[in-house]
Amino acid sequence: VMRTGWLPRSLDIWVSSVGLLVVAPVLLAAGVAIWIEDGLPIFYRQPRVGRGGIRFVLFKLRSMFTGLGGPAITSSCDSRVTNVGRWLRKYKLDELPQLWNVLKGDMSMVGPRPEVPCYVDTDAPEWREVLSCRPGITDLATLVYRNEEDLLGSSQNPEKFYREQVLPHKLQLNLEFLRSRTYWLDLKLIFFTARDSFWPSGFDAAKVKRSLLYKDPI
């Protein structure tokens, strides 16, 4: 049975609609900055795995130079990231276009972050449980790994480290949150996401886990 989410779909539509109107000036300013530094396109489109294993196209503000290949993950020392992109990624502003994904119904405000297909095993029980609900703009794993790019940057093999260490722990955090999830916890998660985006210097992963989990899965 697929979960439809804990926040009502009507609230997702209302929040995403209002959110797009509020952040429109930010999107415009960021779009101009991206265009000045590296031209078009302004938006980056990437296939992700959504509810029930169905793929959809996720939207972001483009934060990398065009025409470059490379791994699906990004570390802090990644030379593909533009100067504007580093600033956008620091404050998570590159994620704002995903409000459009929420409005379309691909995503919810809260839910497990959708992964790129190469990292998803739809036959694994833990993945089937995570994919039973609509993916979200934010989740517990996103908050805990807010400094993921710095963590990957300190590894000699970022992609291997992500597959073997980071991703399994993200799945564990997502499952723990889903199993104890309530409407109130969803609202708390949105609050912490906004707070840590505007004031990243005050981020504390341990405090976030204590606030949003009944027990620490580690």
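The values are calculated or read from the model by the stated rules, or taken from the named source; none is laboratory data. Values in this document were obtained by computation on a predicted structure and should not be read as measured data. Cβ atoms come from the backbone with ideal geometry, glycine included; neighbour counts cover every protein chain shown. We work out accessible area using only protein heavy atoms, side chains counted, and drop any ligands, DNA or RNA first. Shrake-Rupley method; radii C 1.70, N 1.55, O 1.52, S 1.80 Å.
Each residue of the range 122-129 in turn: what ³J(HN,Hα) in whole Hz from Karplus with 6.51, -1.76, 1.60 and θ = phi - 60°, glycine and Pro shown as x?
Coupling constants for the range 122-129: 5, 8, 6, x, 5, 5, 4, 5 Hz.
Return the carbon/sulfur percentage of the accessible area of the chain, one whole number, probe 1.4 Å, all protein chains in place.
Values: 6860 of 11350 Å².
The value for the chain is 60 percent carbon and sulfur by accessible area.
Run lengths n ≥ 4 of DSSP H only: what is the helix-derived mean residue ellipticity at 222 nm for the chain, with -39500 (n - 2.57) per run over all residues, to the nearest 500? Spell out each step's value before the answer.
Working: 10 runs with 103 residues, N = 218.
-14000 deg cm²/dmol, from helical runs alone.
In straight Cα distance, which aspartates and glutamates are under 12 Å from K209, not counting same-chain residues fewer than 8 positions off?
Leaving aside aspartates and glutamates fewer than 8 places away in the same chain, those within reach of K209 are D139, E176.
Need the list of lysines near K207 for cross-linking: C-alpha distance under 30 angstrom, and skip anything on the same chain fewer than eight residues off.
Result set, ordered by chain and number: K60, K90, K92, K160, K170, K188, K215.
With +1 on each Lys and Arg Cβ and -1 on each Asp and Glu Cβ, how big is the dipole of the range 82-150 about its Cα centre, in debye rounded to the nearest 20?
Working: 9 positive and 12 negative charges, 83 e Å.
So the magnitude is around 400 debye.
Evaluate the charge dipole of the range 18-153 about its Cα centre and quote only its size in Debye, nearest 20, assuming +1 on the Cβ of each Lys and Arg and -1 on the Cβ of each Asp and Glu.
On the way: 16 positive and 15 negative charges, 78 e Å.
My answer is approximately 380 debye.
Which value, in debye to the nearest 20, gives the size of the charge dipole of the range 1-91 about its Cα centre, when Lys and Arg are +1 and Asp and Glu are -1 at the Cβ? Intermediate values should be presented prior to the final figure.
Working: 12 positive and 4 negative charges, 71 e Å.
Around 340 debye, computed over the range 1-91.
What's the center-to-center distance, using Cα atoms, between the range 26-76 and the range 172-187 in Å?
About 28 Å separates the Cα centre of the range 26-76 from the one of the range 172-187.
Compute the FRET efficiency between H169 and F198 as 1/(1 + (r/R0)^6), taking r as their Cβ-Cβ distance and R0 = 25 Å, and round to the nearest 0.05.
Working: r = 26 Å, r/R0 = 1.03.
The value I calculate is 0.45.
Tell me which DSSP H helices of the chain clear both cut-offs, 20 Å or more of axial length from alpha-carbon atoms and a mean Kyte-Doolittle hydropathy of at least 0.5. Spell out each step's value before the answer.
Working: long enough: 9-38 (38 Å, 1.44); 183-198 (23 Å, 0.44).
The answer, listed by residue number, is 9-38.
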